[in-house]
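K.L.:
One structure follows; several queries about it will come next.
The values are calculated or read from the model by the stated rules, or taken from the named source; none is laboratory data. Computed from a prediction, not measured in an experiment: that's the story for all the values here. All Cβ positions, glycine included, derive from the backbone under ideal geometry; neighbour counts span all protein chains shown.
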Amino acid sequence: MYLRFNYFYNMYLQIKKAELVPDAIWQDNIDFYNTINLFFIYSSIWSMSYVVQEKKKIIKPLFKFDITHKVVNFKTEWIKYMWSKKEILPHIRDMIKDLNIKSVFDWFAWTTRVWQFFNNNWIQVISNDLNIRSEIFGKAFLLNDEKKRETYIKKINHLNSLEWYKWYYTTVYWWVDYDWSSVQPDGKKRLRQMHNTMKLDAIRDEIDKIAEDEIEKSVLLASLIFALDKVDSSLWHFSSYLRERSSRSYKNLRLELPYFVDSVEWNDIITGDVFGALSKINTDLAYYDPPYGSNNDQMPSSRVRYGQYYHIWETIIRHDKPEVIWAINKRADATVEKTYSIFEDYNKKWDYYVPELAIFDLIKKTKTKYILFSYNTNWRASIKNIIQFLEDNKYKYELRNIWYKKNVMAWMKRTYDWDNLWNKDNHEILLLIYNH
């Protein structure tokens, strides 16, 4: 054991001393990757991050060599989100590790967690969603230019140094302090403190002035959104705000460069309906994470429109200063009709709910080698009916059932009154389908 360790350690010192290793070695020599990977296994003294700091390109070959090892990169950026997929990433890796996946189509990609995981581990990603939020995140993480990293940092530092002023966002979203309460004299609850909304006003105006192209603008907007998420007083969404201010809302808004790796050159983003995008897709894997809605018979369908939950991010991205309505100052154009999704439909057609029929159609029209569904047990569609459809149509499949912590809404008294989630188990089911 000592001789092996000494051998690998000496090789590491030679690599470190050389500093600049020809790209051909880093990209083409698989035996070299094997050696380095074994070094990590036998040595617990030096962390992977130290070696990556010496030569960043090592991230790519390590993943190509072995997706099953600890060198898999699970780090992703995130915002507070009711259906975050962070905890299921290791399960996804385990289910697909033997399938030789080199390309992924991620539909309904707003969570960004899953395609960030694939992209950060050097797998081609095609992202699809209807929402402008997913498009912006896609450009920031999937199409970014590593060579402009220093430019991004300089512009983010410039944004942090701006003089604040009061304009649209301060007028609409700030509060006056009433003994830690965010409820204002007009009865409305506000989302942020004034010092942060004034920063937001200044920064958002400046981004449009200094961004040289759409990708750079997307990186700056992503940085702004991540920073805002850390200083608000919300409940993982913008359909209601905390009555008593959160401690994080007292922090100062400060932008940082989001974590990303050099993007894969052939990544792509498709904005639009998934059924319109399928004809363009020829990837190894399709990952589907539909909007869930609810399976509660007493919950009106209009209460659970996914597109209405995150209206503030759309306002900040569009920067169109829209008319706002209701106690939450929601965009007036974020209506039930505009945010409708067939996968959230509440109605039945024949013996099936409309979302179930949509899933059947989606599976039949998908031409990838494999389909991976992320399914929540609180969804209107029945997993039993989906499995029955697969068996009736001779699909092979694997299923993994994961207990999942409920989001904060499930433990609110008012939510309990209309959704009654207290007595329901919450499971995330990963369904891997072997396509015909």
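K.L.:
Considering 351, 361, which residue is modelled with pLDDT of 95 or more and either in the same structural domain as residue 277 (by TED's automatic domain parsing) or surrounded by fewer than 16 Cβ atoms within 10 Å (Cβ to Cβ) (or both)? Spell out the reasoning first.
P.N.:
Numbers: 351 fails: modelled with pLDDT of 95 or more.
Testing whether each residue is modelled with pLDDT of 95 or more and either in the same structural domain as residue 277 (by TED's automatic domain parsing) or surrounded by fewer than 16 Cβ atoms within 10 Å (Cβ to Cβ) (or both) leaves just 361.
K.L.:
Among what's in region 367-393 and is among the hydroxyl-bearing types (Ser, Thr, Tyr) and crowded, with 19+ Cβ neighbours inside 10 Å, pick the residue that is farthest from residue 281 (Cα to Cα).
P.N.:
375
K.L.:
In this structure, is residue 397 modelled with pLDDT of 75 or more, surrounded by fewer than 19 Cβ atoms within 10 Å (Cβ to Cβ) and not in a loop (DSSP other than H, G, I, E, B)? Walk me through it before giving the result.
P.N.:
Working: modelled with pLDDT of 75 or more: yes; surrounded by fewer than 19 Cβ atoms within 10 Å (Cβ to Cβ): yes; not in a loop (DSSP other than H, G, I, E, B): yes.
Answer is yes for this residue.
K.L.:
On the basis of being under 30 Å from residue 227 (Cα atoms), among the polar types (S, T, N, Q) and over 23 Å from the mean Cα position of the chain (by Cα), does residue 347 make the cut? Break it down stepwise before answering.
P.N.:
Numbers: under 30 Å from residue 227 (Cα atoms): no; among the polar types (S, T, N, Q): yes; over 23 Å from the mean Cα position of the chain (by Cα): yes.
Against the criterion (under 30 Å from residue 227 (Cα atoms), among the polar types (S, T, N, Q) and over 23 Å from the mean Cα position of the chain (by Cα)), residue 347 does not qualify.
K.L.:
With respect to residue 315, determine if the residue is assigned by TED's automatic domain parsing to the domain that holds residue 106, of a type in the set (Val, Ile, Thr) and modelled with pLDDT of 90 or more. Step through it out loud before you land on a result.
P.N.:
Values: assigned by TED's automatic domain parsing to the domain that holds residue 106: no; of a type in the set (Val, Ile, Thr): yes; modelled with pLDDT of 90 or more: yes.
Against the criterion (assigned by TED's automatic domain parsing to the domain that holds residue 106, of a type in the set (Val, Ile, Thr) and modelled with pLDDT of 90 or more), residue 315 does not qualify.
K.L.:
Among the residues of region 337-377, write down those that are small (Gly, Ala, Ser) and part of a loop (DSSP other than H, G, I, E, B). Talk me through it step by step, then tell me what you get.
P.N.:
First pass over region 337-377, keeping only residues small (Gly, Ala, Ser): 341, 358, 374.
Matches in region 337-377: 341 only.
K.L.:
Just need a number here: residues in region 52-78 that are modelled with pLDDT of 75 or more and surrounded by 15 or more Cβ atoms within 10 Å (Cβ to Cβ). Quick ask: steps written out before the conclusion?
P.N.:
Applying the first criterion (modelled with pLDDT of 75 or more) to region 52-78 yields 72-77.
Narrowing the set further to residues that are surrounded by 15 or more Cβ atoms within 10 Å (Cβ to Cβ) leaves 72-73, 76-77.
Adding up the residues that qualify gives 4.
K.L.:
Just for region 350-383: of the residues that are of a type in the set (Phe, Trp, Tyr) and more than 22 Å from the chain's Cα centre (by Cα), which one is farthest from residue 426 (Cα to Cα)?
P.N.:
In the first step, residues of region 350-383 are kept if they are of a type in the set (Phe, Trp, Tyr); the result is 350, 352-353, 360, 370, 373, 375, 379.
Filter again for more than 22 Å from the chain's Cα centre (by Cα), leaving 350, 352-353, 360.
On the way: 350: 28, 352: 22, 353: 20, 360: 23 Å.
Applying the filter and picking the extreme gives 350.
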